[in-house]
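The block underneath contains the structure these notes are about, expressed in structure tokens.
Please treat every number below as a calculation from the coordinates, not as lab data. None of the values given here were measured: they were computed from a predicted structure. All Cβ positions, glycine included, derive from the backbone under ideal geometry; neighbour counts span all protein chains shown.
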Amino acid sequence: MSKTALITGITGQDGAYLAEYLLKQGYIVHGIKRRSSSLNTERIDHIYDDPHNSGRRLFLHYGDMTDSLNITSLVQKIQPDEIYNLAAMSHVKVSFETPEYTANADALGTLRILEAVRMLGLTGHTRIYQASTSELYGLVRQVPQSEDTPFYPRSPYAVAKLYGYWITVNYREAYGMHASNGILFNHESPIRGETFVTRKITRAVSRMALGCDDCLYLGNMSAKRDWGHAKDYVRAMHLILSQPEPDDYVIATGITTSVRDFVRMAFGYIGAEIEFSGEGTAEEGRIVSVNGELFNSRVGTGDGSHLKGRRVVAVDPAYFRPTEVEMLVGDNTKARTKLGWQPQYDLDALIADMMKSDLKLMAREDYLRKGGYRTMNYFE
Ligand code: NAP
Ligand code: F7E
């Protein structure tokens with residue numbers, strides 16, 4: 001018998017990769033998607049199963065984490081073996097603008113899932129994965145951060161996720177549920193949301209390589225993150241739910257890099273060398289040299305001479321956060337030893353994957369020429 005999984009947030013980065021991974025493992029996959037006025041299934045269109053097909057294994061349901069009746073009735077109907085609770089308002093900066101909604105979706109949303117399983121008597125049947133986050137460590141108390149490091153959340157998002165973390169632990173201890181937290185450090189990919197810093201950078205570098213847009217504006221370039229590839233991280237989610245006992249795990253690469261160095265590496269991919277000068281809000285990055293041959297082989301056109309001497313990065317304080325998380329780096333010892341998990345992508349391979357994909361995407365006429373949200377300097 002195939003196992004049945006329910007994924008909340010299936011239309012997001014992780015939901016899409018996880019759905020693809022579980023389908024390959026022979027699962028029947030149900031996903032909750034929000035009703036929106038424009039199509040929001042782009043990330044899962046390649047695995048979409050037409051409702052008229054017989055024997056299909058991917059099912060989509062309308063729903064919302066803020067709607068208890070909807071969550072409970074879906075859990076009742078699907079009776080999943082596994083629930084991956086990935087749905088969330090996941091942007092840290094935006095959570096300062098929408099703190100109440102973030103708490104409702106991210107904190108109470110988690111409670112709604114746990115309570116549905118408990119109320120429906122599925123405690124012994126359904127395993128639950130909760131998408132916890134390195135943002136819980138915030139103003140870090142220890143370097144690197146492990147499962148034993150105390151939390152110090154620094155945003156409405158992180159505080160909501162703190163509730164999600166502890167309510168998961170509480171339901172595990174109170175009701176014997178197989179409920180686990182994956183404390184995942186930042187993970188990225190070609191389908192990462194365009195307003196997270198890595199994707200903002202790879203899109204912008206691609207657009208500038210193709211001769212569109214002038215300057216990328218960023219916030220705190222000194223912030224450091226432990227960046228991995230989402231494909232590696234969804235494997236970890238599945239491994240966590242496949243353990244005989246529920247538990248909490250840090251999933252990270254163990255290497256931390258600044259936003260500034262991520263920018264350097266993304267330009268490096270197209271053969272362009274960037275030099276930073278100035279301090280604080282006056283900091284800027286200029287291209288000092290371009291390897292024309294490498295540029296041409298990676299971009300597919302020109303020699304990159306249009307970039308030489310140009311200011312390509314500057315700081316806009318609008319992207320600063322009221323409280324910042326300056327540095328994160330995870331200790332993945334427990335995941336490596338207990339789950340046998342280890343990442344296959346390093347940062348170079350991640351950036352190459354993202355750059356390759358964005359260069360291809362931006363080269364499409366409609367992407368390159370359109371303004372508005374198709375350019376690179378978003379609000380966030
Ligand atoms: P994402 O790309 O932003 O996807 C979030 C998903 O949640 C989307 O499918 C979104 O739907 C859905 N969603 C948002 N609010 C909802 C609501 N009220 N009801 C139902 N669905 C809702 O995030 P991700 O990067 O895949 O991350 C997955 C989970 O892991 C999130 O919980 C995130 O907080 C957490 N996390 C992420 C990272 C990371 O580095 N990526 C690290 C640690 C933890 P739409 O497509 O309609 O917007
Ligand atoms: O910011 C700095 C920013 O928005 C990373 C979410 O998936 O990972 C993500 O949260 C860093 C921060 O991700 C810009 O200030 C500089 O220090 O890409 P981000 P995040 O805040 O780390 C965690 C683990 C999650 O759980 C979240 O769901 O980059 N930064 N300049 C910028 N960030 C953005 N977005 N835009 C800038 O222009």
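Okay, here's what the table says:
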| item | result |
| --- | --- |
| Efficiency of FRET from Cβ geometry, Lys3 and Thr333, R₀ 30 Å, rounded to 0.05 | 0.55 |
| Relative counts (whole %) of C-alpha pair distances in the stretch 189-317, using bins that are 10 Å wide | 12, 37, 28, 14, 7, 2 |
| Relative contact order %, the chain, counting alpha carbon pairs below 8 Å whose residues are six or more apart | 17 |
| Spin-label pair Asp261/Ala318, simplified geometry with 7 Å Cα→Cβ offset, distance in nm | 3.0 |
| Reduced Cα scattering model of the chain, Debye log10 I(q)/I(0), q = 0.11, 0.15 Å⁻¹ | -0.79, -1.37 |
| Inter-label distance, nm, simple model (7 Å from Cα along the C-beta direction), Asp50/Val288 | 5.8 |
| Antiparallel DSSP beta bridges within the chain, percent to nearest 5 | 25 |
| Linear extension gain, Ser36 paired with Thr195, 0.36 nm per residue minus alpha-carbon span | 55.4 nm |
| Added length on full extension, which subtracts the Cα-Cα distance from 0.36 nm per residue, Ala363 to Asp148 | 72.8 nm |
| Asp303-Asp346 FRET efficiency (beta carbon distance; Förster radius 30 Å; 0.05 resolution) | 0.60 |
| For the stretch 278-323 versus the stretch 109-151, the gap between their alpha-carbon centres in whole angstrom | 39 |
| Shape call, the stretch 1-137: gyration tensor on alpha carbons, a/c limit 1.5 | oblate |
| Within straight-line cross-link reach of Lys200, lysines at Cα separation under 21 Å, skipping those fewer than 8 residues along the same chain | Lys93, Lys224, Lys231, Lys356, Lys360, Lys370 |
| Relative packing of 197-206, 59-68, which averages over residues the other C-beta atoms within 10 Å, highest first | 197-206, 59-68 |
| Inter-label distance, nm, simple model (7 Å from Cα along the C-beta direction), Ser68/Asn296 | 6.6 |
